[in-house]
Amino acid sequence: MGLSAGFEARAAALQVLSDVLRRRKPLDAALESTHALDPRDAGFARAIASETLRRLGQLEDLIRHFVPKPPARNRAGPVPEILLAGACELVFLDVPPHAAVDGANCLAKADQKAVHFKPLINAVLRRISREGKDVIAAQDAAALNVPDWLFSRWIDAYGEETARAIAEAHHGVPPLDLVAKGPVTVEGAAPLFGSVWRLKDPMRVDTLPGFAEGDWWVQDAAATLPAHLLGDVKGVRVIDLCAAPGGKTAELAAAGALVTAVEREPARMDQLRANLERLHLSAECVVDDAREWRPQEPAPFVLLDAPCTATGTIRRHPELPWIKSASDVTMQSQLAGELLDAAAEMTAPGGTLVFATCSLEREEGSEQIEAFLARNPDFSRAPLTDADVFGHSEFVDAAGDLRTLPCHLKDQGGMDGFYAARLKRA
Ligand SMILES: C[S@@+](CC[C@H](N)C(=O)[O-])C[C@H]1O[C@@H](n2cnc3c(N)ncnc32)[C@H](O)[C@@H]1O
């Protein structure tokens, strides 16, 4: 490898990191800028950016260890990102030291603001290449890689041991879960539960056998459970609220339900339609605000997959802890309450309403349900049984609701954190 090998990948990773950390752009959106690179460079850029975000707290602590007074962010251009990404390459990605350090030096040389800091970058990364792994080994990784506001919430909600297990589950690269449309075998993957097949190593899905045929779709194992809680939906109407990109719509349609999918964002609904088309499944698609829209008649089954802070999906979205804040939890909770009241009005007497969210925060999950039941006496909880969760009783909390955690199924690669409650209308 010459000195400039990997330059494009590293420059792209830097751009992604600054888009996420300075402009709070979601990682997937920021990574779109890497699509023009050749696949090897794009893969390297993605690995640097994702791993830096997964280990951000540890990397910041590591850099502070060697540079107690880092240059001011507004004066140093991309220097903070160059140091973070370079340190990540050295201690977590096992890039050979000369390549990681030279790569960082080239990035500094190419930027007017960063070039003055090249000697500092060079010296710090050389020290990290020699002593960095010892510093990392002595760190409290779980506590460092979750911002305090979020970690303290998890300790309150789940206790310290579980909060740590959750944080540690975010350190690995998550497996890829595929949901089979019917009784097909997904080549190269292992069955997990229900219709879920798991591939240990993530890869480009559109190159896998069965993609073009529409045999399966990508959905985390935990995300398949809420729709399953509705029970047998064959031939009956199901209203699927907040439906895009349509993982749960596909599940319901594949189970034979007559689905009405409601989604507020037109572009996301287009994505849902395209997903259903590839899968040869169909649903009635309504682009509207679920708080305003009402069906002609209430339905026997309603699924509400409420928008939330998505803290249960940090394994797949490692930027979330760094771009969300406690005020997002408050905002999303209020919206979830309004959506729940609307969903209740759409549920027929004797019908079932499942409320789900991919958040670990109680305000967006169990506290919503307690408040909803207090203001809606004609609804009551229908607690889950082991059969509802394929025998995994650890997925059911004391109230009988679904509560999966990223540290569940640890030996098989974990799962997203999902909450769901099943409610019956009198
Ligand atoms: C958690 S995602 C849904 C995931 C989807 N159910 C699935 O399984 O693929 C939440 C969705 O709710 C949509 N949304 C947010 N507020 C909404 C509202 N008031 N009415 C309808 N959809 C809404 C968002 O645009 C987003 O697509």
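The values are calculated or read from the model by the stated rules, or taken from the named source; none is laboratory data. As the structure is a computational prediction, the values presented were derived from the model and not from experiment. We place every Cβ from the backbone using ideal geometry, glycine too, and count neighbours over all the protein chains shown.
Do we have LEU56 as touching a residue at least 40 places away in the same chain (Cβ under 8 Å) and not assigned by TED's automatic domain parsing to the domain that holds LEU320 here?
It is true that LEU56 is touching a residue at least 40 places away in the same chain (Cβ under 8 Å) and not assigned by TED's automatic domain parsing to the domain that holds LEU320.
Check off (1) surrounded by fewer than 18 Cβ atoms within 10 Å (Cβ to Cβ); (2) among the aliphatic types (A, V, I, L, M); (3) near the ligand (Cβ under 9 Å from one of its atoms) for ALA244 and give me the number that stays unchecked.
Condition not satisfied by ALA244: (1).
What do you reckon, is ALA261 within 19 Å of LEU230 (Cβ to Cβ), among the aliphatic types (A, V, I, L, M) and in contact with a strand residue (DSSP E or B) (Cβ under 7 Å, 6 or more places away or on another chain)?
yes
ALA343: within 9 Å of the ligand (Cβ to nearest atom) and either hydroxyl-bearing (Ser, Thr, Tyr) or at pLDDT 95 or above (or both), yes or no?
No, not satisfied.
May I ask you to list the residues in segment 2-30 that are of a type outside the set (A, V, I, L, M, F, W, C) and part of a helix (DSSP H, G or I)?
Selection gives GLU8, ARG10, GLN15, SER18, ASP19, ARG22, ARG23, ASP28.
Could you grab me the full set of residues in segment 50-64 that are more than 14 Å from ASP140 (Cα to Cα) and in contact with a helix residue (DSSP H, G or I) (Cβ under 8 Å, 6 or more places away or on another chain)?
SER50, GLU51, THR52, LEU53, ILE63
Can you confirm whether GLY210 is buried (at least 19 other Cβ atoms within 10 Å of the Cβ), in contact (Cβ under 8 Å) with a residue 24 or more places away in the chain and under 24 Å from ALA421 (Cα atoms)?
no
For a quick check of your reading of the model, give me the residue pairs whose first member lies in segment 324-341 and is under 12 Å from PRO307 (Cβ atoms), whose second is among the aliphatic types (A, V, I, L, M) and within 12 Å of the ligand (Cβ to nearest atom), with beta-carbon atoms closer than 6 Å and at least 6 apart or on different chains.
ALA336/ALA306; LEU339/ALA290; LEU339/LEU304; LEU339/ALA306
Would you be able to say whether some residue in segment 314-335 is acidic (Asp, Glu) and within 13 Å of the ligand (Cβ to nearest atom)?
No, that holds for no residue.
Scan ASP328, ASP341, ASP388 and give me the residue that is under 18 Å from the mean Cα position of the chain (by Cα), in a helix (DSSP H, G or I) and among the acidic types (Asp, Glu).
That would be ASP328, the only listed residue that is under 18 Å from the mean Cα position of the chain (by Cα), in a helix (DSSP H, G or I) and among the acidic types (Asp, Glu).
Limited to segment 263-297, what total is found for residues that are more than 10 Å from the ligand (Cβ to nearest atom), surrounded by fewer than 18 Cβ atoms within 10 Å (Cβ to Cβ) and assigned to a loop (DSSP other than H, G, I, E, B)?
6
Out of (1) modelled with pLDDT of 95 or more; (2) assigned to a helix (DSSP H, G or I), the odd one out for SER33 is which?
Of everything listed in (1) modelled with pLDDT of 95 or more; (2) assigned to a helix (DSSP H, G or I), SER33 misses just condition (1).
Tell me, please, whether a residue that is outside any helix (DSSP H, G or I) and closer than 16 Å to PHE7 by Cα can be found in segment 97-112.
yes
Scan (1) under 22 Å from LYS181 (Cα atoms); (2) assigned to a helix (DSSP H, G or I) for the single condition GLY312 breaks and write down its number.
Of everything listed in (1) under 22 Å from LYS181 (Cα atoms); (2) assigned to a helix (DSSP H, G or I), GLY312 misses just condition (1).
Going by what's in this entry, would ALA348 be described as surrounded by fewer than 22 Cβ atoms within 10 Å (Cβ to Cβ), in contact with a strand residue (DSSP E or B) (Cβ under 8 Å, 6 or more places away or on another chain) and among the aliphatic types (A, V, I, L, M)?
yes
Restricting to segment 143-173, name every residue that is crowded, with 21+ Cβ neighbours inside 10 Å and either touching a residue at least 24 places away in the same chain (Cβ under 8 Å) or among the β-branched types (Val, Ile, Thr) (or both).
Hits for segment 143-173 are ASN145, VAL146, LEU150, TRP154, ILE166, ALA167, ALA169, HIS170.
Would you say ALA253 is buried (at least 22 other Cβ atoms within 10 Å of the Cβ) and not in a helix (DSSP H, G or I)?
no
Does VAL67 count as under 18 Å from PHE117 (Cα atoms) and touching a helix residue (DSSP H, G or I) at 6+ places or on another chain (Cβ under 7 Å)?
yes
If you take the residues of segment 298-309 that are surrounded by fewer than 24 Cβ atoms within 10 Å (Cβ to Cβ) and part of a loop (DSSP other than H, G, I, E, B), which of them is nearest to the ligand (Cβ to nearest atom)?
That would be PRO307.
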